[in-house]
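Q: I have a structure I would like to understand better, so I am pasting it below and will then ask my questions one at a time.
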Amino acid sequence: RLARRELWRRPGRTLLVALVVAVPVTTMVLLDINYRTTNGPDTEWISRQWGRADAEIDLNGGCADFCTRADIEAELPDGATVVWTTQTSLPLRTSADGPVADAIVTDTDMRLPIMQGRFDLRSGRWPAAADEIAVSPSVAETLHTGVGETLTLVHQHTDFTVVGIVDEGIGVPS
């Protein structure tokens with residue numbers, strides 16, 4: 001009863017109090033919705049980092065007790081699926097006078113079930129032959145290229161046909 005009387009007596013003040021409460025609450029709800037839809041579930045980063053793999057062994061820093069593929073595979077549990085991946089930085093270009101992009105190149109078969117989730121195919125298809133590649137949107141934009149175009153490895157003058165555009169997973173450089 002008292003609140004109703006106060007509402008009719010001072011409508012401007014009542015509206016101001018309602019706004020002081022509603023605006024911050026609405027803002028926080030919208031920010032929370034935006035954060036949750038942008039970042040996805042807490043566990044999504046796992047498949048983006050490693051695909052369906054249980055572990056990743058990185059030999060970039062060298063190795064202590066074992067250094068050959070056979071030695072490493074002998075240390076893994078029986079029945080473990082091993083996918084060897086090479087990653088390096090190489091300069092690519094579209095033509096002899098075209099722009100050069102220093103791209104991180106990952107050499108592995110992304111069609112394997114264990115690699116699902118590591119990269120997302122945005123357009124085209126996965127490379128199936130040695131002279132086919134899939135590039136990130138940032139490399140495609142830098143080189144002004146797309147699916148069906150040819151890229152050249154600068155130092156070896158080796159041509160590759162772009163067959164796909166892929167989004168990189170978390171932790172995978174572009």
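The values are calculated or read from the model by the stated rules, or taken from the named source; none is laboratory data. Here the structure is a predicted model, which is why all the values come from computation and not from measurement. Because the Cβ atoms are built from the backbone with ideal geometry, glycine has one as well, and the counts that use them run over all protein chains shown. All accessible areas refer to the heavy atoms of the entire protein, side chains included, with ligands and DNA or RNA removed. Shrake-Rupley method; radii C 1.70, N 1.55, O 1.52, S 1.80 Å.
Q: Mind jotting down the three principal axis lengths of segment 67-168 based on Cα atoms? Whole angstrom, largest first.
A: Cα spread of segment 67-168 along its principal axes, largest to smallest: 50, 28, 21 Å.
Q: Counting only the heavy atoms of the protein chains, how much of Asp131 is accessible to a 1.4 Å probe, in Å² to the nearest 10?
A: 80 Å²
Q: Taking the simple approach of a point 7 Å from Cα along Cα-to-Cβ for both Thr85 and Asp167, what is their distance in nm?
A: 1.7 nm
Q: Can you give the extra length, in nm with one decimal, that the chain gains between Ala128 and Ile114 once fully stretched, where that is 0.36 nm per residue apart less the Cα-Cα distance?
A: Once the chain is fully extended between Ala128 and Ile114, it gains 3.4 nm.
Q: Then there's this: So what is the relative contact order for segment 102-174, in percent, with contacts set as C-alpha pairs under 8 Å and at least six apart?
A: 39 percent
Q: Taking H placed 1.01 Å from N in the peptide plane, check which residues at least 5 places from Ser123 or on another chain put their amide H under 5 Å from its amide H.
A: Counting only residues 5 or more places away or on other chains, the set is Ile165.
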